[in-house]
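Worksheet for the structure shown next.
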Ligand SMILES: C[S@@+](CC[C@H](N)C(=O)[O-])C[C@H]1O[C@@H](n2cnc3c(N)ncnc32)[C@H](O)[C@@H]1O
């Protein structure tokens, strides 16, 4: 079937249709869009994966991979899918930590933050932790994919467990920060497929920032919720808040 006919008939959004077509044909989605009348696609193969998207599964889980900071990563339910907001955190972190030797990333999830830092800073080593065993496994798989596994130590552990912090130069993290009572307002696909513990910042959304405070390591570069600037300034003494491209507070830098 010609791609142009499939694109016209697809019940998915144009963007999801093109992403799936790119996946099954290995042809760049922009090329497919521009030359759709000349490109033949396998209708059956498209249908087989499109059905999962129609059933509500996030397209990232359907593809089993996603892009973050221009790089491809494995993704796997229920480990949190990389969010574009987190790219800003990484952008700041790369510049801030380039002269350090050892960093700590609690709440590592799929490993995206540590792995990008390790790819950009060749002398850096990272220690990363997560309570979720699937997340720890996925981080290791992604570290191998990007050839940085020799500089990344992954420990499957609760943030509340003791950690020898004597050699750690900085912390970078995207902790769960959504207050528990707001979780029910999230998209159904998030609630159905992603680990809710990855987002649950407990009663006031600040539980994990408070645990990080007790570690007493600086600098800390933290992703925050768009409504958490005031709370961060109350919780920590010396904080810079960076706004994202939509002009929302997004990163807290504790010095
Ligand atoms: C917001 S996700 C961040 C994942 C990844 N760093 C990213 O930016 O995509 C938070 C992570 O914290 C982990 N987590 C939740 N509670 C935890 C706890 N008590 N101790 C350690 N990790 C925890 C979750 O498993 C999840 O992977």
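The values are calculated or read from the model by the stated rules, or taken from the named source; none is laboratory data. Not measured: the values here are computed from a predicted model. When we count neighbours, we look across all protein chains shown, and the Cβ atoms used for this are built from the backbone with ideal geometry, even at glycine.
A few remarks follow.
- Taking the criterion of being near the ligand (Cβ under 10 Å from one of its atoms), over 9 Å from the mean Cα position of the chain (by Cα) and not in a loop (DSSP other than H, G, I, E, B), the only residue of segment 67-76 that qualifies is 73.
- Residues considered: 254, 152. Of these, the only one that is touching a helix residue (DSSP H, G or I) at 6+ places or on another chain (Cβ under 7 Å) and modelled with pLDDT of 95 or more is 152.
- Residue check, residue 169 more than 15 Å from the ligand (Cβ to nearest atom) and crowded, with 16+ Cβ neighbours inside 10 Å: yes
- On the stretch given as segment 77-110, residues that are within 13 Å of the ligand (Cβ to nearest atom) and farther than 22 Å from residue 159 by Cβ total 4.
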